[in-house]
Amino acid sequence: MKILIVDDDQINAKMLSKRLLNRGFEVETVYCGKDCIDYIESAKDADLVLLDIMMPDLSGLEVLTHLRKEYSTMDLPIIMVTAKGEVSDVVDAMKKGANDYIQKPVNMDIAEARIRTHLSMGLLNKESIIKKELETANAMIVTYNHEINNPLTIAMGMLRKCMMKKEFEGLEKVDHALNRIAEIVKKIDKVSQETSVQTDKYTEGQKMIKLK
């Protein structure tokens, strides 16, 4: 699981990074709020952010506000790192969507416990979403198979009879198209056997299942 550390104090950031690496985490480090936003929006591979509140370019609260426009507390857990005496900032951060906070100097046992708690919650949420998506996909597949296969079988049988009698023109193209539909149905059925599905963007706000 990858943790992104955001702290303008490079010494503190590197020390925290080393300690987290020693505890089995994968770590990336940036030293300002803008770089944090750029990293999240480009790499999109951070599982949790440790975000310092006091930074010169963009404060941790400003970064938090920006990220919460795109990512929920489950999508991207954010733990604020605060100095003693920043009680009002902590309260403000929690209201703006921070998952938790830890104080400097960082107690690594406490930090690890809180990090693992939020990572576990995020993982459970993702698994729940995947399960629901698969249930929806499977329900759709059953419906398509029921609605398409029966009339398709009848249509193909009738077309073959027409072709044998040579009563219509262009039936070869129709037969080809219907065979293509049959292949699509087979691919949809194959998707139902998978443990996960991939999607492609179809229109704004809509996705379709990627058929292999």
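The values are calculated or read from the model by the stated rules, or taken from the named source; none is laboratory data. The structure presented is a predicted model; accordingly, all values stated were derived computationally and were not measured. Cβ coordinates were reconstructed from backbone atoms using ideal geometry, including for glycine residues, and neighbour counts include every protein chain displayed.
I need the full set of residues from region 80-116 which are among the hydrophobic types (A, V, I, L, M, F, W, C) and under 15 Å from ILE5 (Cα atoms), in order please.
Within region 80-116, MET80, VAL81, ALA98, ILE102, VAL106, MET108, ALA111, ILE115 meet the criteria.
Taking LYS44 and the conditions (1) buried (at least 18 other Cβ atoms within 10 Å of the Cβ); (2) of a type in the set (D, E, K, R); (3) on the phi > 0 side of the Ramachandran plot, which numbered condition does it fall short on, given that it satisfies the others?
(1)
If the requirement is being over 15 Å from the mean Cα position of the chain (by Cα), acidic (Asp, Glu), at pLDDT below 95 and in the same structural domain as LEU20 (by TED's automatic domain parsing), which of these qualifies: ASP75, ASP92?
Details: ASP75 fails: over 15 Å from the mean Cα position of the chain (by Cα).
Testing whether each residue is over 15 Å from the mean Cα position of the chain (by Cα), acidic (Asp, Glu), at pLDDT below 95 and in the same structural domain as LEU20 (by TED's automatic domain parsing) leaves just ASP92.
Within the bounds of region 55-62, is there any residue that is touching a Lys or Arg at 6+ places or on another chain (Cβ under 7 Å), assigned to a helix (DSSP H, G or I) and not hydroxyl-bearing (Ser, Thr, Tyr)?
Taking region 55-62 and keeping what is touching a Lys or Arg at 6+ places or on another chain (Cβ under 7 Å), we get 57-58, 61.
In the following step, the residues that additionally are assigned to a helix (DSSP H, G or I) were identified as 61.
Those still in the list that are not hydroxyl-bearing (Ser, Thr, Tyr) too: 61.
Within region 55-62, one or more residues are touching a Lys or Arg at 6+ places or on another chain (Cβ under 7 Å), assigned to a helix (DSSP H, G or I) and not hydroxyl-bearing (Ser, Thr, Tyr).
Looking at the structure I just gave you, is LEU50 crowded, with 21+ Cβ neighbours inside 10 Å and not in a helix (DSSP H, G or I)?
Judged against the criteria, LEU50 is a match.
Scan (1) at pLDDT 95 or above; (2) out of contact with any strand residue (DSSP E or B) (no Cβ under 6 Å at 6 or more places or on another chain); (3) within 26 Å of ASP109 (Cβ to Cβ) for the single condition GLU28 breaks and write down its number.
(2) is the only condition that GLU28 fails.
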